[in-house]
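Computed from the coordinates by the stated procedures, all read-outs in this text should not be read as laboratory data. Keep in mind the model is a prediction, meaning the values are calculated, not measured. Backbone-built Cβ (ideal geometry, glycine too); neighbour counts: all protein chains shown.
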Amino acid sequence: MNKQEQLERLNKKMLACSQCILRKTCKQVVPGEGPAEAEIMFIGEGPGQKEDELGRPFVGAAGKFLEEMLASIKLKRDQVYIANVVKCRPPQNRDPLPEEAAACWPWLLEQIKIIQPKLIVTLGRHSMERFLPGQKISEVHGKVMRREIESLGKQIFYTLYHPAAALYNGGMREVLIKDFKRIPKIIEKIKTEEK
């Protein structure tokens, strides 16, 4: 079974999941989307209202901004994998509870294992906290970090502010765009080190 087939099988399992309370209040599970061979995986917090309606991650205003930033580094949405920490929308877009994030954690780990991205870009503090606990996003945004994650091995992370936060804060928007534009150089460096 190739990576794409593995991912499709995993997505079917996720769609049937009802391990936490979120499944009772959302319209549908939003597993994630993108190619199984993606070099870059973006991980946000959780689906919002638009994502819950359409069953796709990052399709609202923050998603449009993400696509603009991808275009600025000559990438299209269908070249990267986009997922969230929780796969179901929290009611009223509240922050996911620790037990909800924990219930979805095995799904996210399995996605990462299949895709094996060269770089995981965390979008916002909730995503960052899952992989880099105890950090402050104001201190680590725009920094590359290597971490050993149990059952994943060594992984390279790059922390960014969430696109939604940048939509409402002009200063943060500029910081996010500047940090985002470093991604091609980071990927280039990772590939050079792999040789």
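Here are a few things to note about the model shown:
- Calculated over region 8-107, the projected area of the Cα convex hull averaged across directions stands at 6.1 nm².
- Relative intensity, log₁₀ I(q)/I(0), of region 88-138 from a Debye sum that treats every alpha carbon as a point, q = 0.20, 0.28 Å⁻¹: -0.84, -1.25
- When the P(r) of region 49-143 is calculated, the portion above 17 Å amounts to 58% of the C-alpha pairs.
- Multiplying the residue separation of Gln6 and Arg146 by 0.36 nm and removing their Cα-Cα distance gives an extension gain of 47.8 nm.
- Among Cys20, Cys104, Cys88, the largest mean-square fluctuation in a Gaussian network model of the chain, built with springs joining Cα atoms closer than 10 Å, belongs to Cys20.
- For region 6-17, putting each phi into the Karplus relation 6.51 cos²θ - 1.76 cosθ + 1.60 with θ = phi - 60° gives couplings of 4, 5, 5, 5, 4, 4, 4, 5, 4, 4, 8, 6 Hz, in residue order, rounded to whole numbers and with x for Gly and Pro.
- Applying a 4.7 Å cutoff between beta carbons, the unpaired cysteines of the chain are Cys17, Cys20, Cys104.
- Scattering profile of region 55-100 at q = 0.17, 0.25 Å⁻¹ [log10 I(q)/I(0), Debye over alpha-carbon scatterers]: -0.59, -0.95
- Normalised by the number of residues in region 1-80, the mean separation of alpha-carbon contacts (under 8 Å, six or more apart) gives a relative contact order of 29 percent.
- Mean Cα-pair separation over length for the chain, i.e. relative contact order, pairs under 8 Å, 6 or more apart, %: 22
- P(r) weight above 30 Å for the chain, C-alpha pairs, percent: 13
- Region 24-73: proportion of alpha-carbon pairs further apart than 18 angstrom, %: 34
- Environment charge at Ser151 (Cβ cut-off 11 Å; Lys +1, Arg +1, Asp -1, Glu -1): -2
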